[in-house]
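To keep things clear, I will list the structure first and then write my remarks on it.
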Amino acid sequence: MTSHSSAPSVEDAQTEGRDVKTALKRGWRCRCPNCGSGPVLQGYLTVREGCAVCGEALHHQRADDGPAYLTIMIVGHVLGPLMLWIYTEFRPEPLIMATGFSIAAVAMSLYLLPRLKCMMVGFQWAKRMHGFGVS
């Protein structure tokens, strides 16, 4: 029989004090993952150098194309089946359907993109990725 140590693992020690769920919730609200008060974004998609409230450095983030990819995945998976259902159930005119779903896709994308970007910053902060672990 082998005995298991009750000592925390290296991964537990690295993420201690940084709850992923809390960081993602704060990211959804576009707030600082550390304090939850300061805004993460400066403008629509530009991440601030640091939090204006607690001073947490945010310039380490590397969201890159992740938020755009997630936005496309979510919008596509919501609107695709909805398009099929509306077309088979109601048979709207093609121009009406194209216009309505185009507006819906743009609106959903504009709403989701900054929130998903802040969530990615929060996730990176919670997992101490890309320089967020250096204190």
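Overview of values
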read-out: Extension gain, Val106 back to Tyr69 (0.36 nm per residue minus Cα-Cα distance, nm); value: 11.9 nm
read-out: The chain, helix-only ellipticity at 222 nm - DSSP H runs n ≥ 4, -39,500 (n - 2.57), divided by all residues, nearest 500; value: -18000 deg cm²/dmol
read-out: Chymotrypsin sites (Phe, Trp or Tyr not before Pro) lying in DSSP loop within segment 38-85, provided at most 15 other Cβ fall within 10 Å; value: Tyr44
read-out: Segment 39-135, dipole about Cα centre (Lys/Arg Cβ +1, Asp/Glu Cβ -1), debye to the nearest 20; value: 240
read-out: Accessible area of the chain divided out per residue, in Å², using a probe of 1.4 angstrom; value: 66
read-out: Relative packing of 95-101, 61-67, 21-27, which averages over residues the other C-beta atoms within 10 Å, highest first; value: 21-27, 61-67, 95-101
read-out: Equivalent ellipsoid, the chain (semi-axes from 5 times Cα gyration tensor eigenvalues, Å); value: 38, 21, 10
read-out: Inter-probe distance in nm under a simple model that places probes 7 Å from Cα toward Cβ, at Ser37 and Glu89; value: 4.7
read-out: Accessible area of the chain belonging to carbon and sulfur atoms, whole % at 1.4 Å probe; value: 61
read-out: In segment 45-128, the GluC sites (Glu not before Pro) that fall in loop regions by DSSP, at most 12 other Cβ within 10 Å; value: Glu49
read-out: Gyration tensor verdict on segment 30-84 (Cα atoms; rounded if a/c is under 1.5, prolate if a/b is larger than b/c, oblate otherwise); value: prolate
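The values are calculated or read from the model by the stated rules, or taken from the named source; none is laboratory data. What you see is a predicted model; the values in this text were computed from it and never measured. All Cβ positions, even for glycine, are placed from backbone atoms using ideal geometry, and neighbour counts span all protein chains on display. Just so you know, the surface numbers come from the protein's heavy atoms only, side chains and all, with ligands and any DNA or RNA stripped out. Shrake-Rupley method; radii C 1.70, N 1.55, O 1.52, S 1.80 Å.
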